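The structure under discussion appears below in the form of C-alpha cells.
Every number here is computed from the coordinates shown, using simple stated rules; none is lab data. Worth saying up front: this structure is predicted, and the values here are computed from it rather than measured. Positions of Cβ are backbone-derived with ideal geometry, glycine not excepted, and every protein chain shown enters the neighbour counts.
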Amino acid sequence: MKRAWKSALVGCIMLSLCGCWDVKNIQYFNFVNMIGIDYIDGKYKIYAQINDLASMAKQEGSGNTLNPIVVGKGEGESIGVAMFDLLKESQMRMDLTQTKVFIFSDRLLAKGIFNIHDDLMRTRDQRYTPWVFATNEDLSKILSTKPITGSSSINTVYYQPNLLYKQMQSSFEPLNYQKFVRSSREPFETTLLNHLKLSQSWDKDGKPFTLPIVNGLVALKNGKSEASFNRKEVSGVKWLKERTLRGILPIKDDQGTFVGTAALKNNKVKKTPTYRNGKRVVKLDISMDASIREQKKPLGLNEMNMLIKKNLVDEIIKTYEVGKKRSVDIYSLNEVWYRKGLTVNEDIPDLELHIKVNLLATNMFELRD
C-alpha cells in the first residue's frame, strides 16, 4: 500500500514538471555579431551589427543574394546607459552570446579601454573571445560592409582574421579580447592592435566596392593608445615573433635596386638584457631559414645571403627607430628587462642585432658562386 502511495506521489510530481520549461525560440531574438564603440563630446556611442542567423550559415541553392545588415545605435554617459539606449528600439530581446568582433574608435582608445571594460563585460552573455580592431572610420559604415561574394556576412576580415594572417604572415597578428586585455595590463608590454580603414580598390559589377582592410597598427600601453603606424612603418615587427611561420622579404642591393624576394620561416628569437657603454641594451639573436622566391639579378649564394641579412636588419631597425621617435617601445624591449627582475625605467633600451640566415636552394634551381 505504501509503495502504491509513493508511486502515485512520484507520478504527480513528474506530471507537474515540463521538460522544456526554459525553451527560447531563436526567431524572437536579435543576435548581435559585432559591436563598435566610440567616444564623442563626453558621450559613449555604441553600434551593434545584427544579422539573421540564416544569413551566417551556408544554404544549399540560396544563390548569392546578400541579406541586409542592420546596424543599431545608442549613446549615453556610460557604456551601460548607451546599451540601454540601444535596447529601447530593438523590438525584440538582444542576445550578445554571438558577438564575434569588437571595434574601438581611435578616440575611445585615446581615453582608455579600462574605462569601459567593466561595463562591457558585466553581462554574463559577453565573452572574452571576440576579435578586436581599432579604426578612425565612421563605425556605422565599418559595421555595414558586406562580403565580396556569397550571402554569409561572416566572409569578411572581421570574423576570421587569423585565416588571412596565416596566408600572408604579415606584421598584423590579430588579437582576441582576452589577449588584448591581458597584454594591456602588463606594466612594460606594448600592445599592438590592428587598425582598420575602408578601401574601394576593388570593383563589383563595374562599381567601386567598399571593403575593410588592415592599414597598420595602434600601439597601446596600459590600455591607452600611444601612436599609430602604417603598414610600411611596422614591417619589422613580424621578424621578432616566433609565431611568424613564413614571411616575405623584398630584397634590394646596395644601390636600392630590387633584385628579388625571399620567403623566411622557422624564426628563432632569443632576447637578452645587457649593458653597453653604461646604457641598457637588448641583444637579439635571430635565426631563420630562407628560400628564394624571385631573383631578378644573377647573384651567388654568399651574396644573396648577405643581402637578405642586410634587408632584414634594415626592416627591424627602421621599425625600431620609427617607434622610438614617437616614444613607443614597439618591440616591448623593456619587458625583457622586467621579466628578468632588473631595474626598468621609461627609456627605450638600445638594440643589438645578431642575425643568422640559412639560405636553402629550393624547387628547380640552385644558387652557385
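Within the stretch 297-326, residues that are surrounded by 15 or more Cβ atoms within 10 Å (Cβ to Cβ) sit with their Cβ atoms under 8 Å from residues that are in a helix (DSSP H, G or I), at 6+ positions apart or across chains, in these pairs: Leu299/Leu307; Leu312/Trp239; Glu315/Trp239; Ile316/Trp239; Ile316/Leu240; Thr319/Val237. Residues in the stretch 206-238 that are under 25 Å from Lys310 (Cα atoms) and not in a strand (DSSP E or B): Arg231, Lys232, Glu233, Val234, Ser235, Gly236, Val237, Lys238. The single condition from (1) under 15 Å from Lys45 (Cα atoms); (2) out of contact with any strand residue (DSSP E or B) (no Cβ under 6 Å at 6 or more places or on another chain) that Ser140 fails is (2). For beta carbons closer than 6 Å, sequence separation of 6+ or different chains, a first residue in the stretch 337-351 that is without any contact (Cβ under 8 Å) to a residue 60 or more places away in the chain and a second that is of a type outside the set (Ser, Thr, Tyr) and part of a loop (DSSP other than H, G, I, E, B), the qualifying pairs are Ile348/Asp329. The residues of the stretch 249-263 that are surrounded by fewer than 19 Cβ atoms within 10 Å (Cβ to Cβ) and not in a loop (DSSP other than H, G, I, E, B), listed by number, are Pro250, Lys252, Phe258, Thr261, Ala263.
Every listed requirement among (1) in contact (Cβ under 8 Å) with a residue 60 or more places away in the chain; (2) within 30 Å of Lys340 (Cβ to Cβ) is met by Thr210 save one, (2).
Name the helices (runs of 4 or more DSSP H) wholly inside the stretch 112-204 in which the number of residues that are in contact (Cβ under 8 Å) with a residue 24 or more places away in the chain and among the aromatic types (Phe, Trp, Tyr) is 2 or more. Talk me through it step by step, then tell me what you get.
Values: elements: 114-120, 139-142, 161-168, 177-185.
Hits in the stretch 112-204: 177-185.
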